[in-house]
Amino acid sequence: MESASITSSGHSALERPLLARLPDRLLKYGLTALATSILALIVYFFIRLVGEAGPAFAKFGVLGFTFGNDWNVSANHFGALPLLVGTLITSALALLIGVPVAVATAVYVTELCPRRVRGPVTILIELLAAVPSVVYGLWGIFFLAPKLQPAEQWVADRLSFIPFVGGGLVTIPNYFITGLVLAIMILPIVSSISREVMSTVPVDHKEAALGLGATRWEMIRTAVLPYCRTGITGAAMLGLGRAIGETIAVTILIGDAPQLSNHLFGQGYSLAAVIANEFGEAQELHRSALFAAGLVLFVLTLLVNVAARVLVMRSSRSKRPKRSARDFGESDTAVGAALSR
Amino acid sequence: MSTDAHMLERFAVSAKRRRRDRLARSAILGATAIALIPLALIVYYLLSKGLGSWSWSFFTTDPTGNTFFASSSIGGIKSAILGTIEIVAVASALAVPIGIGVAVWLVEYGRNSRFAHTVRFFVDVLTGVPSIMFGLFVYIVLIIGTGSSYAAYKGAFALALLMLPVVTRSAEVVLLLIPGALRESALALGAPRWRVIFKIVLPTALPGLVTGVLLAIARAAGETAPLLFTAGATLKSGFSLNGFMNSLPIQIYTDVTSATTSVVNRAWGAALTLVVMILLLNLFARLVARRSSVG
């Protein structure tokens, strides 16, 4: 090397020549552009979706479309209320059935089970996530729904005094079956995030509870569950997001009837199912109405997911002792990875 | 006075509390068992119904589109298997470099900047978007936008969008696990940043990256909704990315709606094939993850 460390041009000799610095610059700006393009893509999608949904919204009004109780393809009249209600009922059922079971599995795996069975039980529950939506639909419509139909009819007859639940003829595809299968489908994600959140409960809290003489269950009830409340709520919301957006299994199981069913065991429709089922042969206003249904679905899942993420992040962040900025990033992404599963 | 016994009596867990503890524990155990019942039932039905329709010709003939006669004339699922493999391969070729690229940017350049947090947030938003919306998006851009019809590469685009956030998020976690000292020592030896990324960071993270990618592929392979209005459905095997292309989920979805038993049996056979493919990917991903030192 030269003896002088400063060259005539005023640059350090250790500095790389311009050409050698080029790949570094290229990589940096290339990757930044890539990251930016993801943002641009989502924004662009939203704008285009609004554009395509425009004619339907213009004809019926945004509120008139969203809450209009008439989805009639042959009359070219579109109100999304039956679809919205179908989506909400089935997702609510999925939460009602799925979340308690999922949280129980998480409690079992983190607090109660022998170390030996922890791994196998976790893997088995994760396997439920590996089954494709269409296979759930196939299994639901050809096995579960016909098998459960007599039981459902029995319940509907016995509880005929309760509005919405009782009375009426139980069809094979119905809201309840859809909710039940959705509950199975959201179980792995709700369970795995609950597990993640429960593993952040400080051992001190649990030992303190046990030391004060609490039984295992009292320890879970007083130390574990209150600590995880926000996180479990977030996990449930995330499951709700999945249930709302679930398409193919719902299309197969809900009966695809554009009506407001007056009871739990009746046929209905959902926002995602209507798109899957009708988009293929839709024209003009009908197609625009389906895009509008997609927009309603998109906004709904967006709200639910953002709320869920805020809850999960807050619960995994606030309760831990203060840490460096770098660590924050890591705990963020660890939960983030669990979320994206 | 036996105060000791008295004290013990006071501190002992009462029968009521013990009963409640036992009840709660068995309820939790019961709920866990209930969670596993559907898995057992699905596996049982897939095997008992699916294996019955498996045969050599099931895998080597295209579906005929004939849905009214005996099982010999309805054909197999060859075009569906080939289509799924091709579409998912193209989708991975698109999503993996972009997804890992964004993850590298997040870890190496963006870090904790406000913009990086925004990108992270939007990637998470993408994870929550219902899969059918990706189909609609590709429909708007590539079918309405170009005025052309369904094509295999459009289906691949939709699946790539679906895979992207999964790949990015899992890659980010793995890249964060690479010790900073490794990067710093390479930089101190005079290596430029891009060489550090390509020669040190990515090779060290490779097994973890592979695991994430395999799981993303497994997820994409089972998706029906994004393919409905992008790749279309067809009977014949073909490799042209410009034409309609069949796929396993679409084949199952079409067969489910049939009233003919033999066609429904084909759906079971196809479902078993799909689940076996996905489980193999999952198994492979776990093996890679176990062998890796990082991640």
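Each value in this text was obtained by applying a stated rule to the coordinates, not by laboratory testing. Small disclaimer: the values here were computed from a predicted structure and weren't measured. Neighbour counts run over all protein chains shown; Cβ positions are idealised from the backbone, glycine included.
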- request: Starting from the Cα of A:Leu88, step 7 Å along the direction of its Cβ; do the same at B:Leu182; then give the gap between the two resulting points in nm.
  value: 5.0
query: Around A:Trp71, which amide H atoms from residues at least 5 apart in sequence, or from another chain, sit under 5 Å from its own amide H, with H modelled in the peptide plane?
result: A:Gly79
task: Once you have the Cα-Cα distance between A:Glu207 and A:Arg158, take 0.36 nm times their residue separation minus that, and quote the gain in nm to one decimal.
output: 12.9 nm
- prompt: Is there a simple number for the mean count of other chain Cβ atoms within 10 Å of the Cβ of residues in B:224-230, and what is it?
  reply: 5
task: Rounded to the nearest 500, what is the 222 nm mean residue ellipticity of chain B from helices alone, with -39500 (n - 2.57) per DSSP H run of 4+ residues and division by all residues?
output: -23000 deg cm²/dmol
task: Quantify how strongly other chains surround peptide A:261-270 by giving the mean number of their Cβ atoms within 10 Å of each of its Cβ atoms.
output: 0
field: Zone of B:Thr260's modelled label, taken as backbone nitrogen in region B:219-246 under 17 Å from a point 7 Å along Cα→Cβ
entry: B:234-236
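Would you mind ranking A:Lys59, B:Lys154 so that the residue whose beta carbon has the fewest other beta carbons within 10 Å leads the list?
By the 10 Å Cβ count, ascending: A:Lys59, B:Lys154.
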- request: Using label points projected 7 Å from each Cα along Cα→Cβ, tell me how many nm separate B:Ala93 and A:Thr32, to one decimal.
  value: 3.1
task: Can you grab the distance from the C-alpha centre of region B:231-246 to the C-alpha centre of region A:49-92, Å, no decimals?
output: 33
query: Could you give the length gained on full extension between B:Leu206 and B:Val43, defined as 0.36 nm per residue of separation minus the Cα-Cα distance, in nm?
result: 55.4 nm
query: Relative contact order, percent, of chain B when contacts are C-alpha pairs under 8 Å separated by at least 6 residues?
result: 26
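As an exercise, use a Förster radius of 51 Å and the Cβ-Cβ distance of B:Arg195 and B:Ile85 to find the FRET efficiency, rounded to the nearest 0.05.
Working from the Cβ atoms, E equals 0.90.
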- line: chain A, Gaussian network, Cα under 10 Å: of A:Ile220, A:Ile254, A:Ile47, the residue fluctuating most is A:Ile47
query: What list do you get for A:Asp204, B:Asp21, A:Asp70 if you sort them by fewest beta carbons within 10 Å?
result: A:Asp204, A:Asp70, B:Asp21
- prompt: Among the lysines, which fall within straight-line cross-link reach of B:Lys78, defined as a Cα-Cα distance under 16 Å, with same-chain neighbours fewer than 8 residues apart omitted?
  reply: B:Lys236
- prompt: What list of ³J(HN,Hα) values in whole Hz, one per residue of region A:66-74 in order, does the Karplus curve 6.51 cos²θ - 1.76 cosθ + 1.60 (θ = phi - 60°) give from phi, with Gly and Pro shown as x?
  reply: 5, 10, x, 9, 7, 10, 10, 5, 5
Max mean-square fluctuation residue, GNM over chain B, Cα-Cα springs under 10 Å, options B:Pro97, B:Pro249, B:Pro226: B:Pro97
- prompt: Once you average over the residues of A:28-37, how many Cβ atoms of partner chains fall within 10 Å of each Cβ?
  reply: 6
- request: Note down the nm distance, to one decimal, between modelled labels 7 Å out along Cα→Cβ at A:Lys147 and at A:Leu303.
  value: 3.7
message: Exposed loop sites here are chymotrypsin sites (Phe, Trp or Tyr not before Pro) in DSSP loop states with at most 15 other C-beta atoms within 10 Å. What is the longest stretch of chain A lacking them?
response: A:165-341
task: Using packing as a proxy for protection, rank B:164-176, A:188-200, A:117-129 so that the peptide with the highest average count of other Cβ atoms within 10 Å comes first.
output: B:164-176, A:188-200, A:117-129
statement: With 0.36 nm assigned to each residue of separation and the Cα-Cα distance removed, B:Arg17 to B:Leu36 gains 3.9 nm
message: Quick check on the exposure proxy: order A:Ile141, B:Ile77 from fewest to most C-beta atoms within 10 angstrom.
response: A:Ile141, B:Ile77
message: Applying a 10 Å radius around every beta-carbon, put B:250-261, B:23-34, B:83-94 in order of their mean neighbour count, most first.
response: B:83-94, B:250-261, B:23-34
- line: Mean-square fluctuation maximum in Gaussian network of chain A, Cα pairs under 10 Å, restricted to A:Ser261, A:Ser315, A:Ser160, hits A:Ser160
query: Over chain A, what relative contact order in percent results from Cα pairs under 8 Å that are six or more residues apart?
result: 23
